[in-house]
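The values are calculated or read from the model by the stated rules, or taken from the named source; none is laboratory data. Computed from a predicted model, the values in this text were never measured in an experiment. Here the Cβ positions follow ideal geometry from the backbone for every residue, glycine too, while neighbour counts run over all protein chains shown. SASA here: full protein model, heavy atoms, side chains in, ligands and nucleic acids out. Shrake-Rupley method; radii C 1.70, N 1.55, O 1.52, S 1.80 Å.
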Amino acid sequence: MAEQPGTLLYYLKRSTEFLEKKEIPNPRVDAEWILSDLLNLPRIKLYSQFEMPLGQKEIDIYRERIVERSKRKPVAYITGKKGFHKFEYLVTEDVLIPRPETEELVDYLWKKKEELYFTEPSPLQIWDLCSGSGCIGLSLTQLLPSSVVTLSDLSEKAIDVSRRNAEKYNLTDRTNFYVSDLDSEVPNDLQFDLVVSNPPYIPESEKPEIMPDVLDYEPHLALFVSDFKEFHKRLLSAVLSRLNPGGKLMMETHPLYIEELEEMAKGLGFIGTKKILDSSKKERFFFAEVPPLS
Ligand code: GLN
């Protein structure tokens, strides 16, 4: 299609070409996301607006944002939001961008809710440990309406973002927030029925293999661990001491270390351990339970 200079399609095409030259992997898709956010139009709607002229202010901002993307800044940090499961969360560079694998973790728990919560207490107490944007805990508490969620993260700025996400979805009366190294600042009398977590799990030795979009922009605190075993042993112990009898843990982890994680969990007294595949057939999720009261 021959596009008229000054129209939406014209800038979309120029931006796509520019990103392509800079070797950005999906240039057209990224150019569309950035434009749809800027114009506050669903991405699909751009297609019926190709002939619309862009104003000078829009052109300037669009150009600036495309330049940011050309420097590998992730689209979610440019637009300040990321779709996750049925929701859309605010993100800043203080939190990890929610990943599609993590949606699978939420979906797994949601689909199995009858099986997993047959003794569902009211309200179900959920703890999202290393909560970042809050995407896991805030999604689950919306999907499981008789639940309340505690979010904890070592980063105060991350907790601020998750608090804004809770406000966005009117969840403040069903959420607690703690800036905490694991459970250190979580009040001692808080016990949980379900713990969910996507903790940092990439060994620092893998840094050279990580793409620049991630390495240069996402918080390293949320991604990397210096000693997988030491950190995860502390994490599992904290979870064990906070789960009610019969309580469950579902976490995301590194497929290469999941075996080690399972051994550690069994050694600490967890039962019913399971390694669950993600949609790319990687052993990405780990499930474990605390024995019920006999
Ligand atoms: N729970 C958040 C997420 O999955 C943050 C994870 C993290 O900071 N490691 O995106």
Karplus-derived 3J(HN,Hα), 6.51/-1.76/1.60, for each residue of the range 83-95, Hz, glycine and proline x: x, 8, 6, 8, 10, 9, 10, 6, 9, 10, 5, 7, 10
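When only Cα pairs under 8 Å and 6 or more residues apart are kept, what is the percent relative contact order across the range 51-205? Intermediate results must be reported in sequence, preceding the final value.
Details: 220 pairs, mean separation 31.5, N = 155.
Worked out over the range 51-205, it gives 20 percent.
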Sequence of H254, H232, H85 when ordered by accessible area, the most exposed leading, probe 1.4 angstrom: H85, H254, H232
Karplus-derived 3J(HN,Hα), 6.51/-1.76/1.60, for each residue of the range 239-247, Hz, glycine and proline x: 4, 4, 6, 10, 8, 5, x, x, x
³J(HN,Hα), Karplus 6.51/-1.76/1.60, whole Hz, each residue of the range 14-21, x for Gly, Pro: 4, 5, 4, 4, 5, 5, 4, 4
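Can you tell me how much longer the chain between D107 and L277 gets when fully stretched, taken as 0.36 nm per residue apart minus their C-alpha distance, in nm with one decimal? Each step should come with its number before you reach the end.
Working: separation 170, 0.36 × 170 = 61.20 nm, distance 1.28 nm.
Gain in length upon complete extension: 59.9 nm.
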Options L154, I210, T172, ranked by Cα towards positive dipole end of the range 115-219, top entry (Cβ charges): T172
Cut-off under 5 Å, modelled amide H: who pairs with K81 long-range: V91
Cα convex hull of the range 12-61 - mean projected area over all directions, nm²: 3.4
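Mind checking the dipole of the chain: about its Cα centre, +1 per Lys or Arg Cβ, -1 per Asp or Glu Cβ, Debye to the nearest 20? Walk me through the numbers before you get to the answer.
Details: 38 positive and 49 negative charges, 147 e Å.
Roughly 700 debye, rounded to the nearest 20.
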Counting all C-alpha pairs of the chain, share separated by more than 32 Å (%): 32
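Take every Cα pair under 8 Å in the chain that's 6+ residues apart, average their separations, divide by the length, and report that relative contact order as a whole percent.
Values: 480 pairs, mean separation 38.7, N = 294.
Reported as a whole number, the value is 13 percent.
Beyond 32 Å between alpha-carbons counts as too far, so tell me which of K73/K274; K81/K282; K168/K275; K113/K168; K13/K281; K71/K282 fall in that bin. It would help to have the intermediate numbers written out before the result.
Working: K73/K274 36 Å; K81/K282 27 Å; K168/K275 34 Å; K113/K168 25 Å; K13/K281 36 Å; K71/K282 30 Å.
Check vs 32 Å cut-off fails for K73/K274; K168/K275; K13/K281.
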Total charge dipole magnitude, the range 71-180, about the Cα centre, Cβ charges on Lys, Arg, Asp, Glu only, Debye to nearest 20: 480
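Quote to one decimal, in nm, the extra length available between E64 and K21 on full extension: 0.36 nm per residue of separation minus the C-alpha distance between them.
On the way: separation 43, 0.36 × 43 = 15.48 nm, distance 1.64 nm.
Additional length available on full extension: 13.8 nm.
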Exposure ranking of E185, E209 by accessible area [1.4 Å probe, largest first]: E209, E185
